[in-house]
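S.K.: One structure follows; several queries about it will come next.
The values are calculated or read from the model by the stated rules, or taken from the named source; none is laboratory data. In this text, all values refer to a predicted model and were calculated from it rather than measured experimentally. Neighbour counts are summed over all protein chains in view; Cβ atoms, including those assigned to glycine, are modelled from backbone coordinates with ideal geometry.
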Amino acid sequence: MRFQVPQFTEIEDKIFGPLTLKQFIYLIGGAGGVFILYALLPLYLMVPLAIPIGLFSMALAFYKVNNQPFIKIVENAFYYLTSSKLYLWKKQEVKIKPAEEEKPGEKRQTPLYMPKLTKTKLNDLAWSLDIKEKVTRNE
């Protein structure tokens, strides 16, 4: 017996023409909000309030940020703004060895690491610089 395995499960179904159910609900909600403003307010007050509502509902329906729906961005921004923000920096304690007893007139000498430059290393360095210089001139 053969069964069909569903393909493209992360793509939403188009229910209302080219719109998914979520897109349709966002647009109907925005249109309802604009209609309520139209019914309650005079035109000169309705237009400045209706434009942001219409743009917001269209952004919810169609706009994506980094391939994420806009509603997810709004939700994360809301949680960020309403959650408490407590940033702690924990300083690590550095254990310092007790200093050796020094006499006031003595200077403490620390050994310095000095890489040795042998003749072969110097030749290799000069050769690599010559090669890179020739390559950059030809390009």
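S.K.: Looking for whichever is among the small types (G, A, S) and more than 27 Å from the chain's Cα centre (by Cα) here; the options are A59, A77, A31. Which one fits?
M.R.: Exactly one residue qualifies, and that residue is A31.
S.K.: When the residues of segment 34-45 are filtered to those that are touching a residue at least 12 places away in the same chain (Cβ under 8 Å) and farther than 17 Å from L60 by Cβ, which remaining residue is nearest to the chain's Cα centre (by Cα)?
M.R.: L37
S.K.: Now for a separate question. When you look at A50, is it small (G, A, S), more than 21 Å from G17 (Cα to Cα) and loosely packed, with under 12 Cβ neighbours inside 10 Å, yes or no? First the steps, then the outcome.
M.R.: Values: small (G, A, S): yes; more than 21 Å from G17 (Cα to Cα): yes; loosely packed, with under 12 Cβ neighbours inside 10 Å: no.
Considered against the rule, which asks whether it is small (G, A, S), more than 21 Å from G17 (Cα to Cα) and loosely packed, with under 12 Cβ neighbours inside 10 Å, A50 comes out as no.
S.K.: Let me ask something else about it. Only one of these is surrounded by 10 or more Cβ atoms within 10 Å (Cβ to Cβ) and either of a type in the set (S, T, Y) or at pLDDT below 80 (or both): Y44, Y38. Name it.
M.R.: Numbers: Y44 fails: surrounded by 10 or more Cβ atoms within 10 Å (Cβ to Cβ).
Only one candidate qualifies: Y38.
S.K.: As an exercise: evaluate F62 against (1) surrounded by fewer than 15 Cβ atoms within 10 Å (Cβ to Cβ); (2) over 22 Å from I73 (Cα atoms) and give the number of the one condition it does not meet.
M.R.: (2)
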